[in-house]
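Everything below concerns the one structure shown next.
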Amino acid sequence: MNPKRLYLHTIGCQMNVYDSEQIAMQLAAIGYEQTATLDDADLIIVNTCTVRAKAEQKAFSFMGRLAKMKRHKKRLIIGVGGCVAQQEGQRILDRMPAIDLVFGTQAIDRIPHLIQQIETRHCRIVDVDMVETPDIPDSLVGRRKSSQVSKFVTIMRGCDNFCAYCVVPFVRGRETSRQPESIVREIKALVDNGVKEVTLLGQNVNSYGKNQNLCSFAELLAMINEIEGLLRIRFTTSHPKDLGTDLITGFRDITKLCSHIHLPVQSGSNRILKRMNRNYTREQYLDKVAELRDTCPQIAITSDIIVGFPGENETDFDQTLQLVEAVEFDGLFAFQYSDRPPAPAVKLPDKTSASIISDRLQEILAVQDQLTRSKNQQLVGSTQWVLTDGFSKKEAAGNSAGSHPSLQWTGRTSTNKIVNFYVEASIANNPNLTGKMVGVHIDKGYSHSLSGRAVNLEPSLRGLKGVENYAA
Ligand code: SAM
Ligand code: SF4
């Protein structure tokens, strides 16, 4: 019998990417094999995001496309999961007759049962019950297969912070951490399958373990650091109010921890930070940045900013611009504020007009673009350790006829900068560099990447801060 085919469409953050992998593994157990071709699918799952209005619009427009497809393929099963599903529940089934299943953010382990019911009874189901299942079943932990160098690992779910603009605590539930042993087991299995780098995911990793009296996040990092064969550890996201000295010194002492922190500031105005319920001031944020740079001078710092939060005036926005210029972030994600019910900011007066929001966004992005370009150009002439992901996109698309006859590879520095590089024949002939650490001499710095040439394919460990340490 032919296997049944699953097409998975993922919108949103890294956590959704991780959840989609869990969904695929759950469905593999009842005979579904993943396909990359929409038309081949017997089952289509859309994993949605509702953090910003645009992501939700994307989800509904994709569902509309699927509804048209189903007119010609009556037996097709369509499921919608993730944050929009959690939020909208039954309303999705009411609005879209083509959808068979709506499942919430805490229903992933129930998907096989739900799909089997639909297959046999041809019914339509909504399951948005918030039933905590913090840990992945042992049967799945060791089963993650991968051809990728770098993988996400969710270490905690939900959020207890209730920032005024944010829908996450409402659609992802209360903060719950996974057991450290389960996380370590999962990473070991990934490394056995060739993975070299993991990015640990949580809405606020600094409070890992606190609700359940597990170890601290810094202690978890130290445990993961011991995993043989793993080269690099990253994490996201860290909330500035909870970033403590133990994690800051971790950037110096935990040998595989990469020199990069994503530390969302959201605004540079104390008045707006208060209205956002962020629980830190601009001054406290700048102090943490200074402590990070004192402890780990090479650290790259990136951030998130929301422009046009209700009540943000010109002075508030100027303070945000000044903070961006003062910190000199290595990269910045700037978002236009959007109302996300039931987040409390929906009810705040003094909404900023769409045209002002759009102008402020352009202004802040232009400032950051200059900063990133100049930071990247400062690296020209240096040699950076790059963990190679594979061929660069240009190469993969078969467009290699550039100024260099050799293949273009791509990877990232410890500071999370993308580096595209080539290997001269005098260094090696057709080497397979995927998953390898390569010393790259940087020739050019752009706004979004660096480019250069490989100068060292056999990294010496001498002079680096620890054995097997390529994170420095
Ligand atoms: N937990 C992370 C933290 O505290 O920084 C962030 C998670 S959130 C999914 C990712 C980013 O989306 C936030 O840092 C914020 O900048 C942005 N965001 C969240 N809600 C938003 C809203 N209503 N409008 C615009 N941007 C928003
Ligand atoms: Fe949202 Fe704030 Fe929680 Fe981040 S910390 S997920 S921004 S509520």
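A short reminder: the numbers here are calculations on the coordinates, not readings from a lab. Keep in mind that what you see is a predicted model, and the values were worked out from it rather than measured. Cβ atoms come from the backbone with ideal geometry, glycine included; neighbour counts cover every protein chain shown.
All alpha carbon pair distances within the chain were sorted into 20 Å bins beginning at 0; the resulting P(r) in whole percents reads 22, 54, 23, 0. Extending 7 Å from Cα along the Cβ direction at Arg95 and again at Glu325 yields two label points whose distance is 4.3 nm.
Taking other C-beta atoms within 10 angstrom as a stand-in for reagent exposure, Cys163, Cys83, Cys258, Cys123 fall in the order Cys123, Cys163, Cys258, Cys83, fewest first. Counting neighbouring Cβ atoms within 10 Å and putting the fewest first, the residues Tyr18, Tyr422 line up as Tyr18, Tyr422.
Each part gets one Cα centre, and for the range 312-370 versus the range 201-242 those centres are 29 Å apart. For the chain, the 222 nm mean residue ellipticity estimated from helices alone, with every DSSP H stretch of n ≥ 4 adding -39500 (n - 2.57) and the total spread over all residues, rounds to -10000 deg cm²/dmol. Listed values for the range 50-64 are Karplus-derived 3J(HN,Hα) couplings in whole Hz (6.51 cos²θ - 1.76 cosθ + 1.60, θ = phi - 60°), namely 10, 4, 10, 4, 4, 5, 5, 4, 4, 4, 5, 5, 5, 4, x, and x replaces Gly and Pro. Peptides 338-344, 259-265 ranked from most to least packed, by the mean per-residue count of other Cβ atoms within 10 Å: 259-265, 338-344. Per-residue packing, averaged as other Cβ atoms within 10 Å, sorts the ranges 307-319, 38-50 into the order 38-50, 307-319, beginning with the highest.
What does a probe at Asn277 reach in the range 161-185, counting residues whose amide N is under 19 Å from the point 7 Å along Cα→Cβ? In the range 161-185, the label zone of Asn277 (backbone N under 19 Å from the point 7 Å along Cα→Cβ) covers 161-176.
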